[in-house]
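For reference, the structure discussed in these notes is given below.
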Amino acid sequence: MKKSLSFITVAVFCLLMTACQSGWQIDLHENGTPIGLIDHDLVNFYIEKVSDGAENIQLAHLLFHQGFTLIDEIQLIMDGKIHQAFDWENIAEKSQINNKGEVIINGVAYSPVTLNISPSPLAAEINLSIMDLAPTMAKVLGLPELPDAYGQPQSEIRAQHGVLILLDGLQYQKLITLINQGALPFFGEINTIHKGLTVYPSITTASTGALLTGAPPYVNGVVGYGYRSTESKTLFDLAVEMGRSVTAVEGYSLAFGLQNAEVILSGDRDGDGFTDDNVLRNSLRVIGEEMPDLLFIHFHDVDDMGHSYGPDSPEYEAAIIRVDGYLAQIYHALPENTFITIFADHGMQNDSLSSGGNHGQLTKSAMIIPIIFMEK
Ligand SMILES: [Zn+2]
């Protein structure tokens, strides 16, 4: 009897402790106005998905989940006043949260009652998302709507063929600078280069999941590295279901499982250190032999050069200049009645720890991407 009583006491105590731990919430404000909250369940959702056993996850997961994309400043509100304010770009990489409701910035743990976020005014100017691409292509090709898509169709055009051209790691600002310098004849002829946003984390797997499903990572399940398939229906699934042909021309290997596409890998066959020339050759062959209804082309060299040398390096610029020429060749080879989108999966920023570059954060240079719609 005594034993079972103490068991009950322990059980009740544990229950209370769990309830107390999980009862916390942090109010989220945007420029002083309440817009939502972060709680134990939401943090746990991400801990289970991405933490790999660690107690802390990136705060950016929760901010993106609640609709923030480009942020200037965050303020920690405690005891009814601003406890501390941070320039978000400086701390984005070093801001975490755990399931006790602690926000850890630069290794210091805080227990804020409220997080007040000041979004960048740029966020309000940008109304295109990588999540718009699959819904747009579905509509252009006359396919049904994607069931989980958050993005919206951006074109009223109908076309027989669709082409998605992914330029991995192409920073929006660098593209515009090179166009203005006259270095990119193909891009220079394009009327509108839209400023768009990718999803967080700004990495190839998560962006590709969002680009193919039109849904954000917390819906399609691709929330980080190591995820190779989506929990939501993709544009490729939809096209094949409707009897259309889908071909994907990739680089060395698949960064992401492209189910329902006929995949062509393009290694560095000529040993020149680059794969984009091989991707070009395979793309031209596909277009020349039998143009599929939907063609996905993934160029990688811009991202590779960005990681190795940084976004301000001559190597990064040279890769963009090369791919500009490749795009011209693809455009000229494409049949009439084709709708084309050209876009990046994420941007590129200087790496604070090396002479190279990186991406993955909820920062402007990683989140802003170019998006282009063209017809032929
Ligand atoms: Zn990428």
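The values are calculated or read from the model by the stated rules, or taken from the named source; none is laboratory data. All of these numbers come straight from a predicted model, not from anything done at the bench. Backbone-built Cβ (ideal geometry, glycine too); neighbour counts: all protein chains shown.
Considering His359, His346, the condition of being in contact with a strand residue (DSSP E or B) (Cβ under 7 Å, 6 or more places away or on another chain), within 17 Å of Gly209 (Cα to Cα) and either at pLDDT below 95 or hydroxyl-bearing (Ser, Thr, Tyr) (or both) is satisfied by His359 alone. Select from segment 288-313 the residues that are closer than 17 Å to Ala239 by Cβ and touching a helix residue (DSSP H, G or I) at 6+ places or on another chain (Cβ under 6 Å) and list them in ascending order. Answer for segment 288-313, where residues must be closer than 17 Å to Ala239 by Cβ and touching a helix residue (DSSP H, G or I) at 6+ places or on another chain (Cβ under 6 Å): Leu294, Ile297. Looking across segment 296-310 at every residue that is crowded, with 24+ Cβ neighbours inside 10 Å and away from the ligand (no atom under 13 Å from the Cβ), the one that is farthest from Pro185 (Cα to Cα) is identified as Phe296. Within segment 194-214, being in a helix (DSSP H, G or I), in contact with a His (Cβ under 9 Å, 6 or more places away or on another chain) and of a type outside the set (Ser, Thr, Tyr) holds for one residue alone: Ala206.
Residue-by-condition table, conditions (1) crowded, with 17+ Cβ neighbours inside 10 Å; (2) closer than 30 Å to Ala319 by Cβ; (3) among the charged types (D, E, K, R):
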{"position": "Ile91", "(1), (2), (3)": "no, no, no"}
{"position": "Gly107", "(1), (2), (3)": "no, no, no"}
{"position": "Tyr110", "(1), (2), (3)": "no, no, no"}
{"position": "Leu128", "(1), (2), (3)": "yes, yes, no"}
{"position": "Val140", "(1), (2), (3)": "yes, yes, no"}
{"position": "Ser155", "(1), (2), (3)": "no, yes, no"}
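The condition of being hydrophobic (A, V, I, L, M, F, W, C) and either within 24 Å of Asp237 (Cβ to Cβ) or in the same structural domain as Val199 (by TED's automatic domain parsing) (or both) does not hold for Ala109.
For segment 201-213, the criterion of being within 16 Å of the ligand (Cβ to nearest atom), under 18 Å from Asp168 (Cβ atoms) and free of Cβ contacts under 8 Å to residues at least 24 places away in the same chain is satisfied by at least one residue.
Within segment 341-370, track down each residue that is buried (at least 21 other Cβ atoms within 10 Å of the Cβ), assigned to a strand (DSSP E or B) and away from the ligand (no atom under 15 Å from the Cβ). Scanning segment 341-370 gives a single hit, Thr341. Entry remark, segment 167-193: residues being part of a loop (DSSP other than H, G, I, E, B) and within 16 Å of the ligand (Cβ to nearest atom) number 4 in total. All of Pro135, Pro147, Pro185 fail the test of being surrounded by fewer than 17 Cβ atoms within 10 Å (Cβ to Cβ) and closer than 19 Å to Gly209 by Cα, apart from Pro147. Could you please let me know if Pro335 is assigned to a loop (DSSP other than H, G, I, E, B), assigned by TED's automatic domain parsing to the domain that holds Tyr200, out of contact with any Pro (no Cβ under 6 Å at 6 or more places or on another chain) and under 23 Å from Ser283 (Cβ atoms)? In short, yes. Per the listing Ile91, Ile97, the residue uniquely closer than 23 Å to Gln25 by Cβ, in a strand (DSSP E or B), in contact with a strand residue (DSSP E or B) (Cβ under 7 Å, 6 or more places away or on another chain) and not assigned by TED's automatic domain parsing to the domain that holds Leu197 is Ile97. Scanning segment 243-291 for residues that are on the phi > 0 side of the Ramachandran plot and at pLDDT 95 or above gives a single hit, Gly243. Among the residues of segment 41-77, those that are crowded, with 18+ Cβ neighbours inside 10 Å and farther than 21 Å from Gly226 by Cβ comprise Leu42, Leu63, Phe68, Thr69, Leu70, Ile71, Ile74, Gln75, Leu76, Ile77. Selection within segment 216-238: residues that are farther than 22 Å from Leu167 by Cβ and among the aliphatic types (A, V, I, L, M). The member of this set that is nearest to the ligand (Cβ to nearest atom) is Val223. Exactly one residue among Leu178, Leu167, Leu122 is buried (at least 20 other Cβ atoms within 10 Å of the Cβ) and at negative phi, and that residue is Leu167.
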